[in-house]
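Read through the structure below, which is laid out as structure tokens, and then see the notes.
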Amino acid sequence: MKAEYIHCFTEGLSSTLPMFLGEVDIVKKRTDSLKDLPNDSQVHILLGLTGELYGSVIMSFQKKDSLLLAGKMMGMEIGEHSEISYSAIKEILNIVSGTAVTKLASYNKKIDVTPPLVITGEKLGIQLTFPLVSLKYQASDINIRLSFSIKERTRKSILIVDDSKFIRDSSKDILEKNDFDVVATCDGGQSCLDYIENNPSVDIILLDVQMPDIDGLQVLQNLRDKNVTSKIIIFTALGDQDTIKKATSIGVDGYMIKPMNESLLIVLKNI
């Protein structure tokens, strides 16, 4: 995970804690790489991320520190946790993540967060999907860990080639809503060849067959002759066997029947 993304969360922590603790120095004590939840903590608040960054953000405390923090937030001394005290410290992570989501938008990263979950216990041995980057902070007399088990989602890039503006626009809309990166649309075979000449690293080409200038099979042949490595999907209203046989002999990677709909996306996700 890039340091600037982590920084969005740590900035959120730095701006959130003074809201409840007053003006305090927040000092980073150390950074650890972990496989499990921090075993020096007994109270963990987990919040899930979905979207272009996915995984978990975890705020962890020793029990005494979590009680002290909740007590300061609630304006009373607390001896044991209750649903109310847990809700109080969960709210900190909610605010931190909300601040981070806003800052991540400046990096064109769209993410959603799930409601926080409390896990308590000694040495839980819970291993998350990805290794943890765990930062330990001290704010006044409270020690806090903020840990990250996050990956950046790699979106597949797609070029849509079709002479119908309606098909290009509607397909683009569905694909982008399902986390594909439509890098361009082309209205004919020649414009496709021109685009790939300068942008050969496109992951997937959705290629119409019947087009007025150069038909899709000719484009397919041209791209294969040039050893273009993009996955090429014939995207057509024609389901005739002759077209399928010709495309297969040239070297097509799959077929989709127009119009684009969300049930067809599994073809693109699995290619």
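The values are calculated or read from the model by the stated rules, or taken from the named source; none is laboratory data. Not measured: the values here are computed from a predicted model. Backbone-built Cβ (ideal geometry, glycine too); neighbour counts: all protein chains shown.
Within segment 95-121, being touching a residue at least 24 places away in the same chain (Cβ under 8 Å) and either among the small types (Gly, Ala, Ser) or assigned by TED's automatic domain parsing to the domain that holds ASP179 (or both) holds for SER97, GLY98, ALA100, GLY121. Note on segment 49-83: among residues that are assigned to a strand (DSSP E or B) and surrounded by fewer than 17 Cβ atoms within 10 Å (Cβ to Cβ), the one that is nearest to the chain's Cα centre (by Cα) is GLY51.
Residue selection: PRO212 satisfies the criterion of being at pLDDT below 90 and either more than 30 Å from the chain's Cα centre (by Cα) or surrounded by 20 or more Cβ atoms within 10 Å (Cβ to Cβ) (or both).
What number goes with the only condition from (1) at pLDDT below 85; (2) charged (D, E, K, R); (3) part of a loop (DSSP other than H, G, I, E, B) that ASP242 does not pass? For ASP242, the exception is condition (3).
For segment 18-76, a residue qualifies if it is in contact with a strand residue (DSSP E or B) (Cβ under 8 Å, 6 or more places away or on another chain) and among the polar types (S, T, N, Q), and the qualifying residues are THR31, SER33, SER41, GLN42, THR50, SER56, SER60, GLN62, SER66.
Of all residues in segment 183-198, those that are of a type in the set (S, T, N, Q) and either outside the structural domain of VAL228 (by TED's automatic domain parsing) or not in a helix (DSSP H, G or I) (or both) total 1. Within segment 32-46, is there a residue that is under 26 Å from LYS109 (Cβ atoms), over 17 Å from the mean Cα position of the chain (by Cα) and not in a strand (DSSP E or B)? Scanning segment 32-46 turns up at least one residue that is under 26 Å from LYS109 (Cβ atoms), over 17 Å from the mean Cα position of the chain (by Cα) and not in a strand (DSSP E or B). On the stretch given as segment 108-140, residues that are under 19 Å from THR31 (Cα atoms) and modelled with pLDDT of 85 or more total 9. For segment 255-271, the candidate set comprises residues that are over 26 Å from the mean Cα position of the chain (by Cα) and without any contact (Cβ under 8 Å) to a residue 24 or more places away in the chain; within that set, the residue that is nearest to ILE233 (Cα to Cα) is TYR255.
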